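Novice: This structure is in structure tokens; I'll ask about it shortly.
The values are calculated or read from the model by the stated rules, or taken from the named source; none is laboratory data. Since the structure is predicted, the reported quantities are computational estimates derived from the model, not experimental observations. Note: ideal-geometry Cβ built from the backbone for every residue, glycine included; neighbour counts use all protein chains shown.
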């Protein structure tokens, strides 16, 4: 009887073990895929602000994941062109482009929060307002930005880190939102700016532009 029980248990282990192993491998694979997606896209907070996760890019400077001080935002650009001067210029321009993307993310999240909170959510002018905000952002002159770090990789690519003050960003958004008030009086510029403050309160890793 004991021999039969032992054989039964042995067969049961042989049947279950591969299944458990496969299940564990599937979970590990899913976890790895999820981590890769987070590293690429970031995670979204309830406020609509995307928090970028740490990235691992070969042959890159150690400061690509550096979190800026509370009063600053960072943008990083990288380029490998036909000459050193062109690589450096392009990398800096891309870092500034990353700042523009950051500003657009903040503004978009602020508008989304404003309308989600019941701020004239049924207004048909919402798409036009969004487009006007985006156009104003694209026409901004980021005179307050400045490159603070640069680095040349072994493959001759250049990396630039550009910083921008959050106070300057808030002022720029205030000018945009209040400037559109006469065209879209149904939208509360101050409330939208208040929603933007939630995004500015998030201390985020830099955006990276390589094209």
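Novice: Could you run through the stretch 35-72 and say how many residues are modelled with pLDDT of 90 or more and in a helix (DSSP H, G or I)? Outline the logic, then answer.
Specialist: Looking only at the stretch 35-72, we keep the residues that are modelled with pLDDT of 90 or more, and these are 60-72.
Still in the list and also in a helix (DSSP H, G or I): 62-65.
The total comes to 4.
Novice: Take the stretch 136-169 and flag every residue that is under 26 Å from residue 82 (Cβ atoms) and in a loop (DSSP other than H, G, I, E, B).
Specialist: Within the stretch 136-169, 145, 153, 154, 155, 156, 157 qualify.
Novice: Return the residues of the stretch 78-125 that are part of a helix (DSSP H, G or I), in contact (Cβ under 8 Å) with a residue 12 or more places away in the chain and in contact with a helix residue (DSSP H, G or I) (Cβ under 7 Å, 6 or more places away or on another chain); say none if nothing qualifies.
Specialist: Passing the criteria: 100, 103, 104, 106, 107, 109, 110, 111, 113, 114.
Novice: Considering the stretch 170-204 alone, what residues qualify as being at pLDDT 90 or above, under 27 Å from residue 95 (Cβ atoms) and assigned to a loop (DSSP other than H, G, I, E, B)?
Specialist: Within the stretch 170-204, just 201 meets the criteria.
Novice: Scan the stretch 99-112 and tell me whether some residue there is modelled with pLDDT under 95, over 15 Å from the mean Cα position of the chain (by Cα) and either crowded, with 16+ Cβ neighbours inside 10 Å or farther than 17 Å from residue 210 by Cα (or both).
Specialist: Scanning the stretch 99-112, I find at least one residue that is modelled with pLDDT under 95, over 15 Å from the mean Cα position of the chain (by Cα) and either crowded, with 16+ Cβ neighbours inside 10 Å or farther than 17 Å from residue 210 by Cα (or both), so the answer is yes.
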